[in-house]
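Colleague: Mind having a look at this structure? Questions to follow.
The values are calculated or read from the model by the stated rules, or taken from the named source; none is laboratory data. Keep in mind it's a predicted model, so treat the numbers as computed, not measured. Heads up, the Cβs are rebuilt from the backbone with ideal geometry, glycines too, and the neighbour counts pull from every protein chain shown.
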Amino acid sequence: MRPILRNKFYLYLTEFFAGMAVMAVELGASRLLAPYFSSSQIVWTIIIGTIMIAMALGNIYGGRSADRDPNPDRLYRRILIAAVWIALIPVLGKYVILGISGVMIFSVNANYLIWAAFAACMVVFVYPLFLLGTVTPSLAKYTMENLEDNASIIGRLGAANTIGSIIGTFVPTFVSIPAVGTAITFLIFAGVLLVLALVYFFSARVKRVSSIAAIILFLLSCVLGWRSDFAFWKSDLVYEGESIYNYLQVEETDNSIILSTNVLFGVQSVMRKDQSLTGMYYDYAMAAPFMAGIEEKSLPGENGKTEDDFRILVLGMGTGTYASQCTRYYPDIRVEGVEIDEKITQLAHRYFDLPEDLPVSTYDGRAWLNAADSRYDVIMVDAYQDITIPFQMSSVEFFTLVRGHLKEDGVMVVNLNMRSDTEGNINQYLADTIASVFPEVLTVDVPYNTNRELFASCSENLTETLMRNADLCGDPELSGLLERIAANLVPYIGGNRIVTDDKAPVELLGMRVIDDLIHDELSWYKALYEEEGLSGILQDIL
């Protein structure tokens, strides 16, 4: 036994840091994969599942290895390799993920995101976590001198691992990832493992060449990986960073400022520099205030109402595209928003000209409604989490709560992304659920993208009210848009696909639609590859 291990303290310390590193890598994995595959529950399931596979295999191998040759040098060599591997993830991980995604284009016909995310996890994360999985059974072999206290020793090892895991869970989420990012978080915990192994080898005066090589590789990783740009092929980003909830990307073009979160395809918020309409679903959602009679309510009359009596609530504020449009046309209305990610609100003020005096609550939308007692003319629901709606904001219980916060003639507008004509798609479930709560439901498709706007109210004749108020609108561009929306509104007849708090398979439903969209897009690239080869694809991308 090496002198450093004789009092067993270092063995428990090893168990502690191994447990901490495993959880830190797991959380880092979710952030590394999120820009490419989203951070949905499905991706989390893949991450947890592959890590459990790695740990299980590591436990088996570690136990057999310790029984065959109980030399602690072998364990700390594995920790050394794991440390170097984890340090290299910020440097090489994104390229490996993109390479795997490229291979999957030509080898997978269904469930592309699932298989690509699974393959990426297996290649990038399984091996170092397999090595860390060997720690516990190996340490049990080294710490146990007799059978009288074997249960106590196993208990102490388990406690050390669990305490380390707790710290490895909270520190990345609340401290290191928001403060310094995912890349440096990987480097921090890789450095902890590296120091652990180096202290052992230098005290034992063995494996010095391997230790020096590991130090060099770690330092190179620090130099090359400390600033990991996920979208490294883009040159027009004005901001790229992370918050507690999201990977965030702000892109500037000649005409617009655009926010994307977690997935590199799709737009979460957009602002036109000339303050014109965006041409996207935010414009179509402008029909909701007119369905609620904004023009008629602002006319002088016996009720004495003024424009500032008209109230709009936006759940899923983002950078405030919709709120800013509403206040631009009607400066005196009262608009407020709820946005769970405070960093997005900060970006809204910095890049998207969100008025400082427009109130935004940093809160979950449903929790905020539970605590609020105000009533609104319009409530917009646009609370997407990556590629799907959070389940707690898609159920009959949630929409009943929204209905309770609407005025008698109020209107709820919901952005339904991932439009699909496939039977039993996520939008049919959401529309059926909403129709079970509201007697009047209308939908309209937004041209040239995958969005569909849904309007719901307890008031009837929404189309007629929209037309009357559109005629009173003083802006010709907006008035023309409202007339086109009114001409294309389709009444929705509800079915029996009801989403509840207890049963809300929104992630699986959303993944099916995404898979169909990706399949259609990849079919084009497959055809291009067959005609022009790899050079044709590269030329199209570049």
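Colleague: Restricting attention to the stretch 490-513, which residues are charged (D, E, K, R) and either at pLDDT below 90 or outside the structural domain of Ala292 (by TED's automatic domain parsing) (or both)? Spell out how you get there, then give the answer.
Modeller: Of all residues in the stretch 490-513, those charged (D, E, K, R) come to 497, 501-503, 507, 512.
Answer for the stretch 490-513, where residues must be charged (D, E, K, R) and either at pLDDT below 90 or outside the structural domain of Ala292 (by TED's automatic domain parsing) (or both): Lys503, Glu507, Arg512.
Colleague: Next question. With the condition kept exactly as written, say whether any residue in the stretch 50-63 is under 27 Å from Asn246 (Cα atoms), of a type in the set (Ser, Thr, Tyr) and touching a helix residue (DSSP H, G or I) at 6+ places or on another chain (Cβ under 6 Å).
Modeller: Yes, because at least one residue in the stretch 50-63 is under 27 Å from Asn246 (Cα atoms), of a type in the set (Ser, Thr, Tyr) and touching a helix residue (DSSP H, G or I) at 6+ places or on another chain (Cβ under 6 Å).
Colleague: May I pose another question? Would you please name the residue that is modelled with the lowest pLDDT, looking only at residues in the stretch 361-381 that are farther than 27 Å from Phe37 by Cα and charged (D, E, K, R)?
Modeller: By that ranking, first place goes to Asp373.
Colleague: Let me ask something additional. How many of the residues in the stretch 387-430 are modelled with pLDDT of 95 or more and either among the acidic types (Asp, Glu) or at positive phi (or both)?
Modeller: 1
Colleague: Got a sec? Which of Leu157, Leu129 is over 19 Å from Ile53 (Cβ atoms), assigned by TED's automatic domain parsing to the domain that holds Asn59 and in contact (Cβ under 8 Å) with a residue 60 or more places away in the chain? Lay out the reasoning, then the answer.
Modeller: On the way: Leu129 fails: over 19 Å from Ile53 (Cβ atoms).
After ruling out the rest, the residue left standing is Leu157.
Colleague: Take the residues of the stretch 352-381 that are among the small types (Gly, Ala, Ser) and either touching a helix residue (DSSP H, G or I) at 6+ places or on another chain (Cβ under 8 Å) or under 20 Å from Ala288 (Cβ atoms) (or both): which is surrounded by the fewest Cβ atoms within 10 Å (Cβ to Cβ)? Before you say what the answer is, go through the steps one by one.
Modeller: Here is the first cut: in the stretch 352-381, the residues among the small types (Gly, Ala, Ser) are 361, 365, 367, 371-372, 374.
The next check asks that each one be either touching a helix residue (DSSP H, G or I) at 6+ places or on another chain (Cβ under 8 Å) or under 20 Å from Ala288 (Cβ atoms) (or both); those that pass are 361, 365, 372, 374.
Working: Ser361: 18, Gly365: 27, Ala372: 16, Ser374: 10.
Here the answer is Ser374.
Colleague: Do we find that Ser420 is in contact with a Gly (Cβ under 9 Å, 6 or more places away or on another chain) and hydroxyl-bearing (Ser, Thr, Tyr) in this structure?
Modeller: Values: in contact with a Gly (Cβ under 9 Å, 6 or more places away or on another chain): no; hydroxyl-bearing (Ser, Thr, Tyr): yes.
Answer is no for this residue.
Colleague: Quick one: which of Ile79, Ile46, Ile42, Ile51 is aliphatic (A, V, I, L, M) and modelled with pLDDT of 95 or more?
Modeller: On the way: Ile46 fails: modelled with pLDDT of 95 or more; Ile42 fails: modelled with pLDDT of 95 or more; Ile51 fails: modelled with pLDDT of 95 or more.
Selected residue: Ile79, the only one of Ile79, Ile46, Ile42, Ile51 that is aliphatic (A, V, I, L, M) and modelled with pLDDT of 95 or more.
Colleague: Okay, moving on. I'd like to check which helices (runs of 4 or more DSSP H) are fully inside the stretch 75-149 and have at least 2 residues that are within 25 Å of the chain's Cα centre (by Cα). Spell out how you get there, then give the answer.
Modeller: Details: elements: 112-124, 126-133, 135-143.
Here the list reads 112-124, 126-133.
Colleague: Please state which of the following conditions Thr400 fails to meet, knowing it meets all the rest: (1) of a type in the set (Ser, Thr, Tyr); (2) surrounded by fewer than 17 Cβ atoms within 10 Å (Cβ to Cβ); (3) within 24 Å of the chain's Cα centre (by Cα).
Modeller: All conditions pass for Thr400, except number (3).
Colleague: Of all residues in the stretch 166-175, how many are within 20 Å of Val84 (Cα to Cα) and either without any contact (Cβ under 8 Å) to a residue 12 or more places away in the chain or more than 18 Å from the chain's Cα centre (by Cα) (or both)?
Modeller: To start, the set of residues in the stretch 166-175 that are within 20 Å of Val84 (Cα to Cα) comprises 168, 172.
Right, trim to either without any contact (Cβ under 8 Å) to a residue 12 or more places away in the chain or more than 18 Å from the chain's Cα centre (by Cα) (or both) and you get 168.
Number of matching residues: 1.
Colleague: So Ile60 fits all but one of (1) crowded, with 16+ Cβ neighbours inside 10 Å; (2) closer than 30 Å to Leu32 by Cβ; what number is the exception?
Modeller: Here Ile60 meets the rest and fails (1).
Colleague: For the stretch 60-75, how many residues are among the acidic types (Asp, Glu) and touching a residue at least 12 places away in the same chain (Cβ under 8 Å)? Steps first, please.
Modeller: Applying the first criterion (among the acidic types (Asp, Glu)) to the stretch 60-75 yields 67, 69, 73.
Now drop any that are not touching a residue at least 12 places away in the same chain (Cβ under 8 Å), which leaves 67, 73.
Total meeting the criteria: 2.
Colleague: Another question, if that's okay. Do you know which of the residues in the stretch 479-493 that are hydrophobic (A, V, I, L, M, F, W, C) and closer than 14 Å to Met291 by Cα is surrounded by the fewest Cβ atoms within 10 Å (Cβ to Cβ)?
Modeller: Step one: list which residues in the stretch 479-493 are hydrophobic (A, V, I, L, M, F, W, C), which gives 481-482, 485-487, 489-490, 493.
Next cut, closer than 14 Å to Met291 by Cα only: 481-482, 485-487, 489.
Working: Leu481: 19, Leu482: 23, Ile485: 25, Ala486: 20, Ala487: 10, Leu489: 17.
Looking at residues that are hydrophobic (A, V, I, L, M, F, W, C) and closer than 14 Å to Met291 by Cα, I get Ala487.
Colleague: If a residue must be within 15 Å of Ala287 (Cα to Cα) and touching a Gly at 6+ places or on another chain (Cβ under 6 Å), how many such residues does the stretch 307-344 contain?
Modeller: 2
Colleague: Next up: Out of the residues in the stretch 1-39 that are β-branched (Val, Ile, Thr) and modelled with pLDDT of 90 or more, which is farthest from Gln392 (Cα to Cα)? First the steps, then the outcome.
Modeller: At the first step, the residues of the stretch 1-39 found to be β-branched (Val, Ile, Thr) are 4, 14, 22, 25.
Narrowing the set further to residues that are modelled with pLDDT of 90 or more leaves 14, 22, 25.
Values: Thr14: 40, Val22: 30, Val25: 28 Å.
The residue in question is Thr14.
Colleague: Output the number of residues of the stretch 444-483 satisfying the condition of being basic (Lys, Arg) and in contact with a Pro (Cβ under 9 Å, 6 or more places away or on another chain).
Modeller: First, the residues of the stretch 444-483 that are basic (Lys, Arg): 452, 468.
Pick out the ones that are also in contact with a Pro (Cβ under 9 Å, 6 or more places away or on another chain) and you get none.
Residues flagged as basic (Lys, Arg) and in contact with a Pro (Cβ under 9 Å, 6 or more places away or on another chain) within the stretch 444-483 amount to 0.
Colleague: Against the definition (surrounded by fewer than 18 Cβ atoms within 10 Å (Cβ to Cβ) and modelled with pLDDT under 95), how does Tyr384 come out, yes or no?
Modeller: Numbers: surrounded by fewer than 18 Cβ atoms within 10 Å (Cβ to Cβ): no; modelled with pLDDT under 95: yes.
No; evaluated as a whole, the condition is false for this residue.
Colleague: Also: Could you please let me know if Ala487 is touching a helix residue (DSSP H, G or I) at 6+ places or on another chain (Cβ under 6 Å) and either of a type outside the set (Val, Ile, Thr) or modelled with pLDDT under 90 (or both)? Steps first, please.
Modeller: Working: touching a helix residue (DSSP H, G or I) at 6+ places or on another chain (Cβ under 6 Å): no; either of a type outside the set (Val, Ile, Thr) or modelled with pLDDT under 90 (or both): yes.
It is false that Ala487 is touching a helix residue (DSSP H, G or I) at 6+ places or on another chain (Cβ under 6 Å) and either of a type outside the set (Val, Ile, Thr) or modelled with pLDDT under 90 (or both).
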